[in-house]
Amino acid sequence: MSALSVIAETGAERGPTRWRMRPRYRSEHLLVVCGLALLPWLVVLAHGLPGTATAANWRTVWIGLDSLEALGLITTGLLAVRGHHAHALTATATATLLVVDAWFDTLTAAPGGDQMSAVVMALGSELPLAVVCVALAARGRARPTA
């Protein structure tokens, strides 16, 4: 079934069974439109945001992000061990969190030792764990055909 259309069977009164296509507008279309609308906004941000900023809740933000990663890793592992199909979803979300963490860690770290530490953490743990989660999610999504 296409995201852009729904196949519907016509009634028997029209002779042999035929299929017709009807356009169907769904929330997926709204997501595409919103994504496209963000593109000009990125240009506005690139030219309007300051090069540096101070965040009031810096510690809380990082503790919250790392807590979500830990929860995602634990949940994904437990679901996968039990053979539950939802592990593909939690693995995908966890991989996303890990990549975002690596990205922000490396780009917000102070030059020097802090930045080197962030790069080592990204390459040594966060990104490899994200790859493991993506592989686990991909394996979990594959369904044998009968």
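Hey, can you tell me all the residues within segment 109-142 that are within 15 Å of Gly72 (Cα to Cα) and among the β-branched types (Val, Ile, Thr)?
Scanning segment 109-142 gives Val131, Val132, Val134.
With the requirement that a residue be surrounded by 10 or more Cβ atoms within 10 Å (Cβ to Cβ), more than 18 Å from Val134 (Cα to Cα) and among the hydroxyl-bearing types (Ser, Thr, Tyr), what does segment 43-82 give you?
Hits for segment 43-82 are Thr60, Ser67.
Only the coordinates and a few stated rules stand behind these numbers; no lab work does. Because the structure is predicted, anything quoted here is derived from the model rather than measured. Note that each Cβ is placed from the backbone with ideal geometry, even for glycine, and that neighbours are counted across all protein chains shown.
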